[in-house]
DNA sequence: GATTATTTAAGTATAAATACGTATTTCATA
DNA sequence: TATGAAATACGTATTTATACTTAAATAATC
């Protein structure tokens, strides 16, 4: 990353801010340039300083961290909000996402992970504590409920393992020569497999093979 | 659930297995009870030992970790699969989810996080490395915005009308002879169009052409 | 009406895929 | 250890696709 990451910390407890500040500034690339004790104050400081990242405790007097995160783009468009919380409550996590937060970290996140998270976020990625990913993953799975079953590779054509492996490479656009090289086999072998695969699938050319595989979600 | 967590490690490199094993067994609650060097072997060992967690490297000879994860319920219903990977590729992460994996950890995950992840997974939660959560979060956010922009066929390659028409037929699995018949043109004409299309798209074979068109939502 | 873009199509080669049949080796498993 | 499935590989032949170049006949547009 290019240069120092400027951070503003918002938490209504000075002690907590000090603790986090000490933790973060042990890394030479991170600098805490401002602090705030409430959501409103956080926005005000962010407007003045335009830090790279605004770390917001979720629970603060007046305006919560979630609210502040949602308003952040109005006052400091380039600044990325990160929510700090004690709980990995599903509600909070999803609200943070909705609020446009770039991260959701638990307060018991250890130092290394915290720093890693901030660095990743400063590059524009999102970072959610691993413990929180549970919420995201479940949400994603429930969003596409019927999929997970039919998303599993089906196998109605009794393709062997090798055949599937080769099929995968074929679909990836590799030609027989390349596949042969990758697998350390002769081109003739690949051709044979390919012939057998097409026979099993009942198709007459490579493109129909690809279409069939994609459509029927084989592999 | 409050006893020892039994783990089976699957990675095709003994060194990697040893490293992870040493790392994990520094925790008194975790025991590595088996190892495997391939996806198939992993399933076999899982069937015999029914561990709490099966840690699968994503890249293994023959059957990938993702495939093995998907098949795991058939051979060891209670065992939870965790994918280990070098990359936080979006594809892999989502595939892992689909495969029913309980976790996706990057290989550079540090010891504490690794152990925390396994403990959380053993209780039935999911755990995705923070760096990976980026993928999940974006997926969740993009789930509904039915991209009005990318829904429309894009045209960054300046394909002519005829070229698109032919491209459509090619993707439909038609071969040049058939296309020529349908359009009442000579096969050479179709070949020329096809050559020009591939040139414009910058691909070297039909399958990559299909892939590109599908992926980039041309046509 | 001149200019430009598109469509059409051929020439000439090479490379690759398709279509089988056949056959050996490997390997899990009965 | 016999058996069958899977993986390996060659032979032979035909068909398609790829890789260019060139160039004419049609549009389209300015």
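The values are calculated or read from the model by the stated rules, or taken from the named source; none is laboratory data. Quantities reported herein were computed from a predicted structural model and do not represent experimental measurements. Positions of Cβ are backbone-derived with ideal geometry, glycine not excepted, and every protein chain shown enters the neighbour counts.
At a glance:
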| quantity | calculated |
| --- | --- |
| Residue match in the stretch B:136-144 (condition: under 30 Å from residue B:55 (Cα atoms), more than 16 Å from DNA strand D (Cβ to nearest atom), in contact with a strand residue (DSSP E or B) (Cβ under 9 Å, 6 or more places away or on another chain) and modelled with pLDDT under 85) | yes |
| Selection status of residue B:89, within 14 Å of chain A (Cβ to nearest Cβ) and within 30 Å of residue A:106 (Cα to Cα) | yes |
| Single residue of the stretch B:2-41 satisfying the filter (farther than 18 Å from residue B:115 by Cα and outside any loop (DSSP other than H, G, I, E, B)) that is modelled with the lowest pLDDT | B:15 |
| Within the stretch A:176-218, tally of residues that are surrounded by fewer than 16 Cβ atoms within 10 Å (Cβ to Cβ), outside any helix (DSSP H, G or I), more than 12 Å from DNA strand D (Cβ to nearest atom) and within 11 Å of chain B (Cβ to nearest Cβ) | 1 |
| Qualifying residue in the stretch A:163-171 (condition: modelled with pLDDT of 75 or more and within 30 Å of residue A:13 (Cα to Cα)) | no |
| Within the stretch B:94-110, considering residues that are more than 7 Å from chain A (Cβ to nearest Cβ) and part of a helix (DSSP H, G or I), the one surrounded by the most Cβ atoms within 10 Å (Cβ to Cβ) | B:96 |
| Selected residue (only one of B:44, B:113, B:74, B:67 is within 16 Å of the chain's Cα centre (by Cα) and assigned to a helix (DSSP H, G or I)) | B:67 |
| Close pairs (7 angstrom Cβ cut-off, 6 or more residues apart or separate chains): within 7 Å of chain B (Cβ to nearest Cβ) in the stretch A:157-175, surrounded by fewer than 21 Cβ atoms within 10 Å (Cβ to Cβ) and at pLDDT below 85 anywhere | A:161/B:62 |
| Counted residues, the stretch B:198-216 - those being farther than 16 Å from residue A:207 by Cα and either more than 20 Å from the chain's Cα centre (by Cα) or within 13 Å of DNA strand C (Cβ to nearest atom) (or both) | 4 |
